[in-house]
Structures are given as structure tokens and as C-alpha cells.
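A short write-up of the structure that comes next.
The values are calculated or read from the model by the stated rules, or taken from the named source; none is laboratory data. Small disclaimer: the values here were computed from a predicted structure and weren't measured. Neighbour counts are summed over all protein chains in view; Cβ atoms, including those assigned to glycine, are modelled from backbone coordinates with ideal geometry.
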Amino acid sequence: MSLARTINYIRKEGIKKFWRDLNYIGDAKSGRLVGIDRNGNKYYENHNEFNLRHRWVDYAADNEFNASQVDPLWHSWLHHIRQLPPHEDPGIQKMTQSWMTTPRENITGTRGGFKTYNTTKPKISLSRERSVMVWVWKLK
């Protein structure tokens, strides 16, 4: 990041947003606010940035963010699958159905994640194992 770009960013956005973006995004970027999804994530665009790095998301959750928090419709815009944002794209407006559920965050690896359990009977019970260990100890 050049010094001129940093100074321009601080003038536009302020020192508080500059410091926040450096900590959470890792880069200080200013751009046009394109939209906000139902999770509160903000989506920005700036064509003066590097190619394929000119669209980004500012997550609503400051410290616990995850890529699965991005709405699938906005994901297609972020990754240049669609040129128009979801609220402007007529194809997406026709695509949404009443039976579709709202997307949820991926909870794999958390306390709420799915955990399997074993339904088969264990081959060695704990009490038998202890008696065998005691018997082996008495032989020595």
C-alpha cells in the first residue's frame, strides 16, 4: 500500500475506520457501498483496485467471521460469476422461490456441529479390562 493511497484513505474514511480495516481486512480499502445482505454484511466495489481484488465484503461480526457467513447470492457477485449485485440482477429476482430456506452459517467444528456416536456394544468392557490387569499384575 503506497503512502499516497493511505493518506487518501484516511482523508475519506477517517483514522478509526482505517485502523479497523487494517485489523480485520488486512488492507485499508475504500470503495462504493454496493449493498448490505440480510446478515448485515456490507459489500464494496472499487475499480481502481487490482484486477479481481476490487470487490470485497465487510463482515457484520467483527471478530468471529467465516466465509460461510456470506449470502450465496452475494457470493456469486463477489467471485465475478454475476456482473450485477443480487438486488439489481433480474435473473436472481426470478430465481428466488417461496420454498427456499434462508442460508445458515456452517457450524462444523463448533459445539453445535454434528457429532457421530457409536451404537455397537464395546468388545471389551472396562470392568473386565481391570480384572485382567490385576491378574497380570499378580503374576509378576
Check off (1) surrounded by 16 or more Cβ atoms within 10 Å (Cβ to Cβ); (2) on the phi > 0 side of the Ramachandran plot for residue 80 and give me the number that stays unchecked.
(1)
List pairs: first residue in the range 96-120 and under 14 Å from residue 72 (Cα atoms), second residue at pLDDT below 85 and in a loop (DSSP other than H, G, I, E, B) anywhere in the structure, Cβ distance under 8 angstrom, at least six positions apart or on different chains.
105/66; 106/66
Restricting the range 65-75 to residues that are surrounded by fewer than 16 Cβ atoms within 10 Å (Cβ to Cβ) and either touching a Cys at 6+ places or on another chain (Cβ under 7 Å) or not hydrophobic (A, V, I, L, M, F, W, C) (or both), the residue that is farthest from residue 27 (Cα to Cα)
72
Being among the hydrophobic types (A, V, I, L, M, F, W, C), over 12 Å from residue 42 (Cα atoms) and either in contact with a strand residue (DSSP E or B) (Cβ under 8 Å, 6 or more places away or on another chain) or not in a helix (DSSP H, G or I) (or both) is the filter here; which residues of the range 67-86 pass it?
77, 81, 84
